[in-house]
Amino acid sequence: MLDQQLLNQLKDYFKKLDRDVTLLLPEGNHEKSAELKDMLESVASTSDRINVDHIAGSEDEATDNPDGITFEVLAADKKTGIRFRGIPGGHEFSSLILAILQAGGVPVRLDPDVVTMVGSISEDLHFETVVSLDCHNCPDVVQTLNALSIVNDSIHHDMIDGALYPEVVQKYGVQGVPAVFLNGEPFSSGKVDAATIIGRLMERAGEQAAKQKDNRDSPDSASAETMPLYDVAVLGGGPGGVAAAIYSARKGLKVVVVADRLGGQVKDTMDIENLIAIPATTGPHLAGTLSEQLKRNGVVVREHIRVESIEKDDNSSEVITRLNTGGIVRSKTVIVATGAKWREMNVPGEMENLGRGVAFCPHCDGPFFKGKDVAVIGGGNSGVEAALDLAGITKSVTVLEFAADLKADQVLQERMQQRSNIRVIKSALTTEVLSNANGVTGLRYTDRLTNDSRELELDGIFVQIGLLPNSGFAEGLLERNKMGEIHVDERCQTNVGGIFACGDVTNVPYKQIVVALGHGATASLSAFDYLIRNASSWEATADSDAEEVREPALA
């Protein structure tokens, strides 16, 4: 099943293992059992520390009736809480390899604050994530929950391949992936990032985590002073943030990046063909390149964390960034590059049917609507690209555009015109998502030319109407426009000295990867100029601190 080149790569990866790993596979009669057995044995053949244990049954209640396509990952014969139900191929193969590495002693890729918080959870939490092997967002969720299982014995996680477990899909009414369930109840549906999962867990972490969270409102000044003081704190890990961090690091500055996920919205884009000097790439590949470049330049990265607020006292030269973990980041300057998120329609039935026919990612959720009728809300580049993707899977696609004309690039409109199963309705205002107990049944819209209300019978709705800036944490400090975008000048300066902003979170007119990259570089150069011009402020602070430390000794 696995080619020799891949096996050689695995041999190199598994040299990092410092303890044995067992893949516990109960025997079963599923038609795919032999395929899974072959995959696991091929993986195990690359390291003496990996063993596949075939047993007749399991004491675990979920495998009392083994089907032959469910296996557990054990660390030195101890359960890790990680289980795969299905064959982790496609995008999930990386989830299997990472689970083996972490069970074998490779540290989990979680921020220390997150590890501390997760370790405080005593409640038994059993997560189930229904995935599609074609979903490029699913591995992020699977790998995050697997890592949390490694950190805390009270957390357990099952990856479930929806294609091999249709009864689970039917039981939970899954219409979008990744679909996450906690102790049998819905936890999240559709695209969700690690920071969101961790944030929700914080709410369940009990009194200890709540106390830690409250402490951020009045942090101990002594402990704050012992935290590192960065020259530049970059908030956001998309193209703009990464460009700002790299430019700053190459100036010899001490830089930290705080991000809910590296890559940002780029990770949700499959085909990128307008990035100058790179004829074609994919979002996940580009995100990986950005991450690697940060490492090569020595940038400190704190991922899966969200910013709750930024503060700067008029009498202080420092900026304090407060995090959802309860911690803070001290820096001389801040570059806000938090990007934007998908805009919602805000109509009745939309959020109630998220994962039940309403979706935002055609790449992930499109396969669930094979041979069905769907609509795409929005006629910009994202909407038309979504329609083109869905046209190859679904029976029909209807594009609804609010304006009198589509806003997508002409080349995309021409491609769409060549597809016989795509139709376009212009001057259409969606007013309601229609549904029944099983999910979406259609939508209601108003014809803006005649003011008539009309209905479409549909099985799914993909919302592609633009982005909203992630700037809420800056409210009350930074000047924003009516869209919520942070106002910056041509040098990426905000209304507060020492705080800069770049990319999609700002009022820069064009939301493009190449624009964000350039904007990030501009913000970095402006921050560097600010640091040079205000160097004496921190030198004075350092001298003052030194005096305070020496005084007790003189006494």
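The values are calculated or read from the model by the stated rules, or taken from the named source; none is laboratory data. Note that the structure is predicted; figures quoted are calculated from it, not measured. Here Cβ is always computed from backbone atoms with ideal geometry, including for glycine, and neighbour counts include all displayed protein chains. Ligands, DNA and RNA are stripped out before the accessible areas are found, and what is left, the full protein with its side chains, is counted by its heavy atoms. Shrake-Rupley method; radii C 1.70, N 1.55, O 1.52, S 1.80 Å.
If you sort SER536, SER42 by accessible surface, 1.4 Å probe, largest first, the order is SER536, SER42.
When the accessible area of the chain is split by element with a 1.4 Å probe, what percent falls to carbon and sulfur? List each step's numbers first, then the result.
On the way: 11870 of 25530 Å².
Carbon plus sulfur share of accessible area: 47 percent.
Between ARG296 and VAL411, the C-beta separation translates, for a Förster distance of 35 Å, into a calculated FRET efficiency of about 0.50. Applying 1/(1 + (r/R0)^6) with R0 = 25 Å to the Cβ-Cβ distance of ILE55 and GLU31 gives a FRET efficiency near 0.80. Let me check against my output: what whole-number percent is the relative contact order of the chain, with C-alpha pairs under 8 Å and at least 6 apart? That works out to 11 percent. Measuring with a 1.4 angstrom probe and ignoring ligands and nucleic acids, ILE393 comes out at about 60 Å² accessible.
For the chain, the orientation-averaged shadow of the C-alpha convex hull comes to 29.3 nm² (one quarter of the hull surface). Remark: C-alpha extents of the stretch 406-509 on the principal axes read 54, 37, 29 Å, sorted largest to smallest.
Given a 1.4 Å probe and the protein chains as shown, CYS361 ends up with an accessible area of around 10 Å². Expressed per residue, the C-alpha convex hull volume of the stretch 241-308 stands at 94 Å³.
For the stretch 89-140, which GluC sites (Glu not before Pro) are in a loop by DSSP, counting at most 15 other Cβ atoms within 10 Å?
Working: sites: GLU92, GLU123, GLU128; in loops: GLU123.
Passing sites in the stretch 89-140 are GLU123.
Evaluated at q = 0.16 Å⁻¹, the base-10 log of the normalised Debye intensity for the stretch 1-122, with identical point scatterers placed on the Cα atoms, takes the values -0.79.
Which GluC sites (Glu not before Pro) from the stretch 439-521 combine a DSSP loop assignment with at most 14 other Cβ atoms within 10 Å?
On the way: sites: GLU455, GLU457, GLU475, GLU479, GLU485, GLU490; in loops: GLU475, GLU479, GLU485, GLU490.
When the GluC sites (Glu not before Pro) of the stretch 439-521 are filtered for loop state and at most 14 Cβ neighbours within 10 Å, GLU475, GLU479, GLU490 remain.
Heavy atoms of the protein chains alone define the surface here; on that basis the chain has 46 Å² accessible area per residue at 1.4 Å probe size. The candidates ARG204, ARG356, arranged from most to least accessible area with a 1.4 Å probe in the full protein assembly, appear as ARG204, ARG356. Computed with a 1.4 Å probe on the full set of protein chains, the accessible area for PHE369 sits at about 0 Å².
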